[in-house]
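Asker: Supplied in structure tokens, the structure appears directly below.
The values are calculated or read from the model by the stated rules, or taken from the named source; none is laboratory data. All figures in this text were calculated on a predicted structure; none of them were measured in a lab. We place every Cβ from the backbone using ideal geometry, glycine too, and count neighbours over all the protein chains shown.
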Amino acid sequence: MKALLTVLISVLTVVGCSSPETITQQPSDIVIKSTFNSTTTWNKGQKFLNVIGSTKDPKVDNKSWIALYRDKCGIDPGHKSATGAMCPQNALGGHIVKFGQSQHPTKNSLVYIIPICTSENNKPNDEMTVATDNTCVVVLNYWMQ
């Protein structure tokens, strides 16, 4: 009996080992994230809302959302929100949708990154409005929730 147990443990140990050549990626190992689509401009008066549930969206190219905005739009908003508000700290890149779109977008829906204050980002149901014409907006193909 002891010999059989030893053989069984040995077999399980060998079966549990694998070389790098035999490792395969499982669907659960794949990171799903939003992808950059384009940039566009919005004009003064465009209403928008925060996306609900975007907190865990992995960054594009490992950049913060505001860094992606600066890179793609060529603008550093500093402390200024697209709403015209002055943020106590630098604005962040908020995931938003146009007013009338679902705040719970589906896979590959278009969502947008725009500079907003942390306080604005923390109020998911507040309707916000773009303060100036020709405001650059980053367009994303949204990740699967």
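Asker: Which of the residues that make up segment 74-121 are loosely packed, with under 15 Cβ neighbours inside 10 Å and either within 21 Å of G45 (Cβ to Cβ) or modelled with pLDDT under 95 (or both)?
Answerer: I75, G84, M86, K98, F99, G100, S102, H104, T106, K107, N108 - these are the residues of segment 74-121 that are loosely packed, with under 15 Cβ neighbours inside 10 Å and either within 21 Å of G45 (Cβ to Cβ) or modelled with pLDDT under 95 (or both).
Asker: I would also like to ask the following. Pairs please, first residue from segment 76-100 and at positive phi, second anywhere and in a loop (DSSP other than H, G, I, E, B) and at pLDDT 95 or above, Cβ atoms under 9 Å, 6+ apart in sequence or on different chains.
Answerer: Once the first residue is at positive phi and sits in segment 76-100, its partners that are in a loop (DSSP other than H, G, I, E, B) and at pLDDT 95 or above give G78/C87; G78/N90; G78/A91; G84/V130; G84/A131; G84/T132.
Asker: Filter segment 110-145 down to the residues that are under 15 Å from the mean Cα position of the chain (by Cα) and more than 19 Å from Y69 (Cβ to Cβ) and list them by number.
Answerer: Selection gives M144, Q145.
Asker: Quick check on my filter: what residues within segment 58-75 are on the phi > 0 side of the Ramachandran plot and in a helix (DSSP H, G or I)? Lay out the reasoning, then the answer.
Answerer: Taking segment 58-75 as the starting set, the residues that turn out to be on the phi > 0 side of the Ramachandran plot are 61-62, 74.
If the condition is that a residue be on the phi > 0 side of the Ramachandran plot and in a helix (DSSP H, G or I), then D61, N62 are the ones that fit.
Asker: Among the residues that make up segment 21-28, is at least one of them among the small types (G, A, S) and either modelled with pLDDT of 95 or more or over 15 Å from N141 (Cα atoms) (or both)? Even if it seems obvious, please write down each step before you answer.
Answerer: Of segment 21-28, the ones among the small types (G, A, S) are 28.
Restricting the remaining residues to those that are either modelled with pLDDT of 95 or more or over 15 Å from N141 (Cα atoms) (or both) gives 28.
Scanning segment 21-28, I find at least one residue that is among the small types (G, A, S) and either modelled with pLDDT of 95 or more or over 15 Å from N141 (Cα atoms) (or both), so the answer is yes.
Asker: Shifting gears a bit: Which numbered condition trips up P58, out of (1) touching a Phe, Trp or Tyr at 6+ places or on another chain (Cβ under 6 Å); (2) in contact (Cβ under 8 Å) with a residue 60 or more places away in the chain; (3) not polar (S, T, N, Q)?
Answerer: It fails just one condition, (1).
Asker: Within segment 42-57, take every residue that is within 20 Å of the chain's Cα centre (by Cα) and assigned to a strand (DSSP E or B) and give me the one that is surrounded by the most Cβ atoms within 10 Å (Cβ to Cβ).
Answerer: Step one: list which residues in segment 42-57 are within 20 Å of the chain's Cα centre (by Cα), which gives 48-57.
Within this subset, residues satisfying the condition of being assigned to a strand (DSSP E or B) are 48-50.
Details: F48: 23, L49: 20, N50: 21.
The extreme case among them is F48.
Asker: Another question about this same structure. Could you grab me the full set of residues in segment 117-145 that are without any contact (Cβ under 8 Å) to a residue 60 or more places away in the chain and either in a loop (DSSP other than H, G, I, E, B) or under 19 Å from V60 (Cβ atoms) (or both)?
Answerer: Hits for segment 117-145 are C117, N122.
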